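Below is one structure; the comments refer to it alone.
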Amino acid sequence: MRAWLVAAAAAYAAVGATFTSHSIPALVAVLIPGVAALVAVAVLPRPREETGHRVGARHRAWLVWAVCFGGWELTALFLGELSFSLLLDPVLEIYPLRLAGWGLWLSAGWLLVRR
């Protein structure tokens, strides 16, 4: 089952990497697995959380990074400045690097859904 899933994700990444950045087909290609992940999280049963689990210093550090990154992206969006995705555009013009980016993005989504 796992090999089939990896092959399907690789094929999807290969197709998704062919779309032009910031185009409607690229947006749809990004939304499909994103919506599928949200549905999976909403529908799949979750293991019970241990009581007494607290957010530690390691969690707070990641939270600070995530909030800073989100703030940068939102500020860039509203002010029309450079965003992370625009900074990566020259790098992602090269198909193998774009394919690797898609693979990383799909892998990150899978890891989030599995948790």
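So what is the 222 nm mean residue ellipticity for the chain from helices alone, if each DSSP H run of at least 4 adds -39500 (n - 2.57) and you divide by all residues, rounding to the nearest 500 deg cm²/dmol?
-25500 deg cm²/dmol
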Item to complete: Could you check the simple spin-label distance between ALA26 and TRP110, using points 7 Å along Cα→Cβ, in nm with one decimal?
Response: 2.3
Practice prompt. Run the quick spin-label model on LEU87 and TRP65: label points 7 Å from Cα toward the beta carbon, then report their separation in nm to one decimal.
Written response: 1.4
Worksheet item: Using 7 Å Cα-to-Cβ label points, what is the ALA10/LEU77 separation (nm, one decimal)?
Response: 3.4
Discussion item. What's the ranking of 64-77, 28-41, 100-113 by average number of surrounding C-beta atoms within 10 Å, highest first?
Written reply: 100-113, 28-41, 64-77
Worksheet item: Pick from ARG58, ARG46, ARG98: which is most flexible by mean-square fluctuation in a GNM of the chain where alpha carbon atoms under 10 Å apart are linked?
Response: ARG58
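Can you name the helices of the chain, as whole DSSP H runs, whose Cα span along the helix axis is 24 Å or more and whose Kyte-Doolittle mean is not below -0.5?
24-43, 57-79, 95-114
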Worksheet entry | Listed values (1) 1.66; (2) 1.19; (3) 1.26, entry calculated as Cα Rg over 2.2 N^0.38 Å | (3)
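Rule-based calculations on the coordinates, nothing more; no lab input. Please read these numbers as outputs of a predicted model, since none were measured by experiment. So basically every Cβ, Gly included, is an ideal-geometry build from the backbone, and we count neighbours across all protein chains shown.
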